[in-house]
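Okay, structure first, notes after.
What follows is calculated from the coordinates using simple rules that are stated; it is not laboratory data. Everything numeric in this text was worked out from a predicted model, so none of it was measured. Methodologically, a virtual Cβ is constructed for each residue, glycine included, from the backbone with ideal geometry; neighbour enumeration extends over all protein chains shown.
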């Protein structure tokens, strides 16, 4: 655990639920002194004691009755008669006193603090704690590690001590640069031993974040309850208060003295967030007074969506920490047949673009079939952050109140795009010519993906864009720079790069044209035409002239052919299968997977072909077939670029050799999909030959039981789920949390069709 095995000969282990056998636990500290036995201090002392994290837990408190109760209730091992007595000989000292009392207690502690003792605290403000330490010690010693558990209750005092208070809660540590790593890891392990998730950040950032997320809500709750209590009708107000009022104002039952100290100690950060809030509140008051329904709807819909989106992301993604704590594993049993009728979620590429162009259009755009995956929702939220009113999504229905091509507003902070490379690349084009600065960020996976191939041609158009090392996110785009149209010959076929430049071309002076070396998906061109913006197409070149406008329209998003691909392959390779997939998008630039499977001998019927909203749509019926290996034509590669992971599975199940060339693009997706698929197949006993731009797979090999690491790539995870149909043993696929980014409900739909799959760790 964090390298602790190097520090102690016996690993620290938290007892299993229901166990209290601390004799098997290697204590992290010999003697822990907890100064202040209120709710937090008492709960921490009890958690340390119950989990065997220290040999002895000593308590000190100015209230003698609380101190006596601490030993009586088993919260502490020893009650110290003074702070000096508690600190002497302790290798960890925890300050759990009111913020305003910190400096005085530190002065008591200093003469008795051992040279090797670690000093930490549990206060809600970190700048004030650091300032107090410097005032007393003269500097910030390396063994001082400020801390703050994000936990509490309305109860207080030693009787409220709860050893489970920190379970499944976050603890923030704000170590200085000179902190000793072994000390930091021991303190981290102590909090983790209490059940907490530990994050680290700077002192200043902590105070800014907590001022907004904790201190301001408490201030509003105290103020609101106080205001209403002074009303003449206060008895009726509180008598008839609904549950929402009670839920919101419960925090006004918190300790007044503690919060008095917090607000005064974190004054500057709190004042900044109060000023921001009161400014926005004044705007809402004005909107109500003026009966400005558009502003109210924009703010309320943005807030509702943000609350839902943040909750979802915090439960499984990475808004607060770069590394998701959520681990999802797919467990698959071999065999099965695929049958029935299904409709997969809406096309992700079209969903992204419907929000983007709808936001920039004049009028109201209504979208049906919108993909409610995290990638698309991140795009939707980003436009809300730029002042666009968006209603929904509600079962795939979204209503977008367009602001016009020049109507976007500066976002208040970075635009977080989750795991979506499509969103980041397309946004870079849209934002390059805006009058305001913007920053595009994403999760850990997206932060590793190269963005130079959009940044470089945008710079040639006049954009000013800064990237991290290696051309990677975050992208910082400086506003106020006029763009000039260019002609760009793409070195590698990429619909994302093409779309990025065409979207930038909407704002550029003159003509912006892009020539692609091979056909790629043309959803952007089709949708621009649907919104009334002319796109000139001449064989491999698409061009737009800047200065036009978009007109709102209705969009019906077809089912995603990339999501359909998993089931097309599944029904092809599983014996006795017969599956129909409804309303699938059949854009000619996306049907490479069907073309390739048919070349391999797949039995796929295209039924009920029609055009909806400018996009061709059809039902697909697929039945079991004996597949044969092929040399995949290079002109089909860009048309099936996202579907190759599952096509590799088809190749393993085919008779003969399958050869893929010209697919360098696969190496810069969510993962290096060529190498990761090859590694996964190796884990299942399948030999492959990896080439710089492709792979060679000899079909007919047996897939054995094994464990596959998807490396957080949703398409890898789903491809190996399909592989289970022809495997001879159980398959475990790890790191599958990102499947929900592109295919919400995949596990349930896979079960429905006949795949023997279970997801562990998913909500």
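With N as its number of residues, the range 130-182 has a Cα radius of gyration that, divided by 2.2 N^0.38 Å, comes to 1.48.
Relative to the longest principal axis of the Cα atoms of the chain, the long axis of helix 644-653 makes an angle of roughly 70 degrees. Rounded is the label for the range 351-550. Its Cα gyration tensor axes, ordered a ≥ b ≥ c, give a/c under 1.5. Calculation over all alpha carbon pairs of the range 689-747 in 10 angstrom steps from 0 returns a P(r) of 20, 44, 32, 3 percent.
Among 483, 228, 446, a tally of other beta-carbon atoms within 10 Å of each Cβ gives an order, fewest to most, of 228, 483, 446. If you model the range 469-530 as an ellipsoid using its alpha carbon gyration tensor, with each semi-axis the square root of five times an eigenvalue, the axes come out at 20, 17, 12 Å, biggest first. Entry note, the range 4-201: relative contact order of 21 percent, from Cα contacts under 8 Å with a spacing of 6+ residues. For the chain, the longest principal axis of the Cα atoms and the long axis of helix 495-505 meet at an angle of about 80 degrees.
The helix-based estimate of mean residue ellipticity at 222 nm for the chain, built from -39,500 (n - 2.57) per DSSP H run of four or more residues and divided by its residue count, is -11000 deg cm²/dmol to the nearest 500. Globularity index of the range 528-612 is 1.45 (Cα radius of gyration / 2.2 N^0.38 Å, N = number of residues). When the Cα gyration tensor is reduced to axis lengths a ≥ b ≥ c, the ratio a/c is 1.5 or higher for the range 24-114, and with a/b not above b/c it is classed as oblate. Once you reduce the range 74-147 and the range 399-456 to the center of their Cα atoms, the two points are 45 Å from each other.
Under the criterion of Cα pairs below 8 Å and six or more residues apart, the relative contact order for the range 709-752 equals 46 percent. Fewest neighbouring Cβ atoms within 10 Å first, the residues 169, 487 line up as 487, 169. The long axis of helix 256-265 is offset from the longest Cα principal axis of the chain by roughly 70 degrees.
Sorted from greatest to least, the principal axis extents spanned by the alpha carbons of the range 4-201 come out as 45, 41, 31 Å.
With a Förster radius of 41 Å applied to the beta-carbon distance between residue 469 and residue 283, the computed FRET efficiency rounds to 0.55.
Each of 259, 191 was scored by other Cβ atoms within 10 Å of its Cβ. Listed from fewest to most, they are 259, 191.
Quote the convex hull volume per residue of the range 599-666, based on C-alpha atoms, as a whole number of Å³.
Roughly 104 Å³ of hull volume per residue.
In the chain, the DSSP beta bridges split such that about 55 percent are antiparallel, to the nearest 5.
Between rounded, prolate and oblate, where does the chain land on the alpha carbon gyration tensor, with a ≥ b ≥ c its root eigenvalues, rounded for a/c under 1.5, else prolate if a/b exceeds b/c?
prolate
Each DSSP beta bridge with both residues in the range 4-201 is either parallel or antiparallel, and the antiparallel ones are about 10%. Structural descriptor for the chain: relative contact order 10 percent, calculated from alpha carbon pairs under 8 angstrom and at least 6 residues apart. Descending by average beta-carbon neighbour count within 10 Å, the peptides 659-665, 584-590 line up as 584-590, 659-665, the highest first.
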